[in-house]
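Note sheet for the following structure.
The values are calculated or read from the model by the stated rules, or taken from the named source; none is laboratory data. This is a predicted model, so every value here is computed, not measured. We place every Cβ from the backbone using ideal geometry, glycine too, and count neighbours over all the protein chains shown. Each accessible area value is taken on the protein alone, full model and side chains, heavy atoms only, with ligands, DNA and RNA left out. Shrake-Rupley method; radii C 1.70, N 1.55, O 1.52, S 1.80 Å.
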Amino acid sequence: MKKNLLLTFCLMNVFLYAQKKNIYKQCFFLTDTIECNSIIKAIHQLEKGNFNKPFGNNIYHKIPKNKTVWFHFRLPANKETSYFTIANSYLHHGKIYTHNAKHIDSLNTINYYDKFGFKNVFYRHPTWELKATNTPTDYFIQIRDDEPKARLELFLNSSNDFLKRNQIEYFLLGTTLTFLCSLILIILALFTTQKQYSLLWYGGFVLFLITAILANKGVGTQYLWSTSKFLIQSSKSFSHTLATMCAAFFYANFYPLTHKHKIIKKIFLGIGYSCLLLTTVYLYKLLFGGLPYWYLSVWIVLKISLLIIGVLHFYLLFKKVIPLYLAIGFIFSIAGTFTYQFYNPTQNFSLLKTYFFTDIFYLTVVLELTLVMYYIISEIVKGKLLSIYLEKENLTLKNSLQNIEDTHKHKFSSNVHDTFGSYIEALNLQVLVNPDTQKLHEIINSFRNEYHLLLTNMFTPNLNPENFIKSVESYCSKMNHLTSLQIEFNHVNSHNLSIPIIYAQEIYKIITELTTNVIKHANANNLLISIIYYNNSIFIELKDNGIGFNTNTYTKGVGLESVNNRIDLLKGAFTINSGANKGTVIKIHLPI
């Protein structure tokens, strides 16, 4: 079985590389200046020698719109039936006349809307069966086409070669469509598990590209919509419009575009909505007809949109929003588009080379779609890994916060015991020994101040990035009223950086903790608190004029230990500079 498959594959490749299309060398156009509207006049022009313009080596030809063009070739006597093909699924009009031994005959007429080539020979391109003859025969081909450039790729094959070429073309097309269908199945599976609606836009992009390929290859007309004049006339440009719309909406919604890239997102959305507007014209055309050349305007809009999308991808690559391979995919896609538009393959190419250059646009788009699918999967995997990491970090954070909470509870009970307990004992002793009203009043006032101070330090407001600075200012103002310490607060945020909520909460607690230490232990008159946002970092500095301490011999109390834990939790660092009677400076760096 494997040997048979390998042999078939090798024979297919030999056929693809080896087969040439040399019939064009025998073809000559009727001189452009001569009008001809019947086979009789065409035969007279041949006798006069006016079929003298070489057909040429190129596949694509410029034919005046709605003008009937004739070309001719002559074959010797042939005992075998052969098949003559013009590889143009949308040829508007085609007819072959034969002339030998003064006998004129006509073969099947092919028309764009009702007399398709595949209805005579079950093949997507216009094909005529040339019967075996005993005498040399002249063949006159009458064609008319409305396309800006008409594809006149000619084949003259024996029955066996015609069937081989037919099978290989459908095999290559089927392989491409199977691959694209597999992308749709993958994206549906990802959507089912991820519930990301932007993935549906990618699925739509692939689906309408499949429709465009079916339309471009003539397979759609052959199998699906041969009775619909609208789809015959508009399926190619209509499906490309819908594919471009889906692609633009996918880029706008799936790419990690932040507030900094809002203009890029708006441009993507603008392209999508522009394509949506174009589809409404197609709906009008479907309902009311008309606008036969609307597709020409659509192609211009789609080419401009493709260029804009390519430029946006290069910008996003420069800003490191998307990876390099996506930009490379778009380079190939744009190159494929312009190669298809401006490069004219030659008739003497091998079949494989011809398929490559005539389908280069679709091949490069398939490559682009493959790279986008890889990007989608890698982003989803990256998101899953990040989710697992965040879950672990969240568990660590919960444990750390619980430890900090336990430490605060211990400190709170210690403060209550040391502060309130001593005041209660002093009050009790004063009442028993010497009930002096003035002394009792002083003890109660001190008790009240300590009580308000403790409540203020224990209270944490509902913080968010918008009210964080005002909350710190309010705290400093309260401390100025409750204590003899004068606190000055400064902050700098020249780049308008936003502080995450968890940072706001922890920094507030760090400031209150360190301020309490200054009040209780520093014997200071002034405290300067500074918060500076710079280069995706937060810098905090607390500077007092207190008695200071020896940084080489001190041991961390509960307050500094709590501060250290919070800073470690935020992946930050801090330093303490102090000395006897030199005050204390604490500097903290927290990366965002």
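Tell me, what is the 1.4 Å probe accessible area of residue 549, in Å² to the nearest 10?
60 Å²
May I ask you to evaluate 6.51 cos²θ - 1.76 cosθ + 1.60, the Karplus curve with θ = phi - 60°, for each residue of the stretch 180-190 and list the ³J(HN,Hα) values in order in whole Hz, giving x for glycine and proline?
So the J values, rounded to whole Hz, are 5, 5, 5, 5, 5, 5, 5, 5, 5, 5, 5.
Using a 1.4 Å probe on the protein heavy atoms only, what accessible surface does residue 303 show? Give it in Å² to the nearest 10.
Approximately 80 Å² for this residue.
Mind listing which GluC sites (Glu not before Pro) in the stretch 14-96 are in a DSSP loop and have 15 or fewer other Cβ atoms within 10 Å?
Numbers: sites: 35, 47, 80; in loops: 35, 80.
Passing sites in the stretch 14-96 are 35, 80.
Enter the per residue convex hull volume of the stretch 478-592, computed from alpha-carbon coordinates, in Å³ rounded to the nearest integer.
103 Å³
What number comes out for the charge environment of residue 282, summing +1 per Lys or Arg and -1 per Asp or Glu over other residues with Cβ under 15 Å away?
Values: positive: 229, 236, 285; negative: none.
Neighbourhood net charge equals +3.
If you place +1 on the Cβ of every Lys and Arg and -1 on the Cβ of every Asp and Glu, how big does the dipole about the Cα centre of the stretch 532-587 come out, in debye to the nearest 20? Kindly include the intermediate steps, with their values, before the conclusion.
Numbers: 6 positive and 4 negative charges, 12 e Å.
That gives a dipole near 60 debye.
Send over the Kirkwood Rh of the stretch 225-336, from the inverse of the averaged 1/r over different Cα pairs, rounded to one decimal Å.
On the way: mean 1/r = 0.0659 Å⁻¹.
Mean inverse Cα-Cα distance, inverted, gives 15.2 Å.
Lys/Arg Cβ at +1, Asp/Glu Cβ at -1, dipole of the stretch 121-235 taken about the Cα centre: which of 168, 142, 192 is farthest positive-ward?
So the residue we want is 192.
Over the Cα atoms of the stretch 153-256, Rg to Rh with Kirkwood Rh, two decimal places? Please list the in-between numbers first.
Numbers: Rg = 17.0 Å, Rh = 15.5 Å.
Across the stretch 153-256, the Cα-based Rg/Rh ratio is 1.09.
Would you kindly derive the ³J(HN,Hα) couplings of the stretch 130-144 from the backbone phi angles with the Karplus curve 6.51 cos²θ - 1.76 cosθ + 1.60 (θ = phi - 60°), listing them in order in whole Hz, with x for Gly and Pro?
Karplus-based 3J(HN,Hα) across the stretch 130-144 equals 9, 5, 5, 9, 9, 10, x, 10, 9, 10, 10, 10, 10, 10, 8 Hz.
For the stretch 219-307, run through the chymotrypsin sites (Phe, Trp or Tyr not before Pro) and keep only the ones in DSSP coil with at most 16 other Cβ atoms within 10 Å of their Cβ.
On the way: sites: 223, 225, 230, 238, 249, 250, 251, 254, 268, 273, 282, 284, 288, 293, 294, 295, 299; in loops: 225, 293.
Loop-located and lightly packed - 225, 293.
Students often get this wrong, so check it: of 131/353; 262/319; 195/382, which have C-alpha atoms separated by over 18 Å?
Details: 131/353 30 Å; 262/319 13 Å; 195/382 16 Å.
Beyond 18 Å between Cα atoms: 131/353.
At most 13 other Cβ atoms within 10 Å and a DSSP loop assignment: could you name the chymotrypsin sites (Phe, Trp or Tyr not before Pro) in the stretch 179-210 that fit?
Working: sites: 179, 191, 197, 201, 202, 205, 208; in loops: 197.
The qualifying sites are 197.
Full-extension gain between residue 341 and residue 129, please, as 0.36 nm times their residue separation minus the C-alpha to C-alpha distance.
Details: separation 212, 0.36 × 212 = 76.32 nm, distance 3.18 nm.
Extra length from residue 341 to residue 129 when fully extended: 73.1 nm.
For the stretch 208-219, just list the computed ³J(HN,Hα) in residue order, Karplus coefficients 6.51, -1.76 and 1.60, θ = phi - 60°, integers in Hz, with x standing in for Gly and Pro.
Here the 3J(HN,Hα) series is 6, 5, 4, 4, 5, 5, 4, 5, 5, 7, x, 5 Hz.
Amide H to amide H under 5 Å from residue 491: which residues, 5+ apart in sequence or cross-chain, H placed 1.01 Å off N in plane?
Amide H to amide H, under 5 Å and 5 or more residues apart or across chains, residue 491 pairs with 531.
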